1. How high is the relative contact order of the chain, in percent, with contacts defined as C-alpha pairs under 8 Å that are six or more residues apart?
2. How large, in percent, is the carbon and sulfur part of the accessible surface of the chain at a probe radius of 1.4 Å?
3. I need the P(r) histogram for the stretch 105-170: all alpha carbon pairs, bin width 5 Å from 0 out to the longest distance, whole percents.
4. For the stretch 1-26, list residues with backbone N below 17 Å from a point placed 7 Å from the Cα of Phe224 toward its Cβ?
5. Give me the Debye-computed log₁₀ of I(q)/I(0) at q = 0.09, 0.15 Å⁻¹ for the chain, equal point scatterers on Cα only, no solvent, two decimals.
6. Which of the helices in the chain meet the span-like rule: DSSP H, Cα axial reach of 27 Å or more, Kyte-Doolittle mean at least 0.5?
7. Suppose each label sits 7 Å from its Cα in the direction of the beta carbon; what would the Lys25-Ala121 distance come out to in nanometres?
8. Stretch Gln82-Glu195 to full length: gain in nm at 0.36 nm per residue minus the Cα-Cα span?
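The values are calculated or read from the model by the stated rules, or taken from the named source; none is laboratory data. All of these numbers come straight from a predicted model, not from anything done at the bench. Glycine also receives a Cβ, built like all others from the backbone with ideal geometry; neighbour counts cover every protein chain displayed. Please note that ligands, DNA and RNA were not included when accessible areas were found on the heavy atoms of the full protein model with its side chains. Shrake-Rupley method; radii C 1.70, N 1.55, O 1.52, S 1.80 Å.
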Amino acid sequence: MKLILGIALIAVPILFNLAFASLAKQFEYPDILRKPTPEVLEKFRLGGSKLVLTWWAFAMSALLFGIIAVLVPFELQILQWQQVLIATLGLLASLVQFLGLVRWPFMVPHLAREAKTADQAKLAAIDVVFQSLNRYLGVAVGEHLGYLFTGLWTLALAVVLLPFGTFSLILGIFGILIGALLVVCSLEFVGKNEENGWRFAALITPFVYIAWSIWLIVLGVNFFTL
């Protein structure tokens, strides 16, 4: 089981990043979100089924991460309350990321179709719906709660790795740092930064996410030895 989970820990961040890279190429994501709603929806509509399926795969990868995040702590020789805590944080991280992403393959296609033939009044209504979905499901649920629970899961897992040996100690220290930074990233649109975002969090988020992906891969390579 450890070997299977180790392979999965390597595969999931690779799949997640491949899906993200594909969206960047097909849809200019996430920069496209800074453009007017009609332009975003037109770009989405022109992407066709391939783009919808890419978003669907992106959302499914979040669920796949959840399965791994829940199973990993139960393969470690740690206290039961630690296993339950880490599994719960992993499940929450997975679900909120999934809920944030799943609007794209199921809700946005309808809005894109409606916008194609809409008059100005209807376009205004579509704009409100689309931007509200982005703020609620995208920013609040997917990004804020997603980064928060992913960071807390990483922190909790990293802490229990510390006593497992020299390499695990190093992995744990880096995991604590990365987890803490993910929590910082979750605060990008909180408080006084609600409207435009916290520039520092926005700048570090891509680098922290890459670091987290590498951390998961390294963990997967060495998981069977823990």
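1. Taking the mean separation of contacting Cα pairs over the length of the chain, I get 24 percent.
2. On the way: 8260 of 11590 Å².
With neighbouring chains kept in place, the figure for the chain is 71 percent.
3. With 5 Å bins starting at 0, P(r) equals 4, 15, 14, 13, 10, 9, 8, 7, 6, 6, 4, 3, 1.
4. Answer for this model: 1-12.
5. Values, matching the q order: -0.40, -0.98.
6. Qualifying helices, which must be both long enough and hydrophobic enough, are 2-27, 37-71, 80-101, 166-185, 199-222.
7. If labels sit at Lys25 and Ala121, their model points lie 4.4 nm apart.
8. Full extension of this stretch gives 37.0 nm more.
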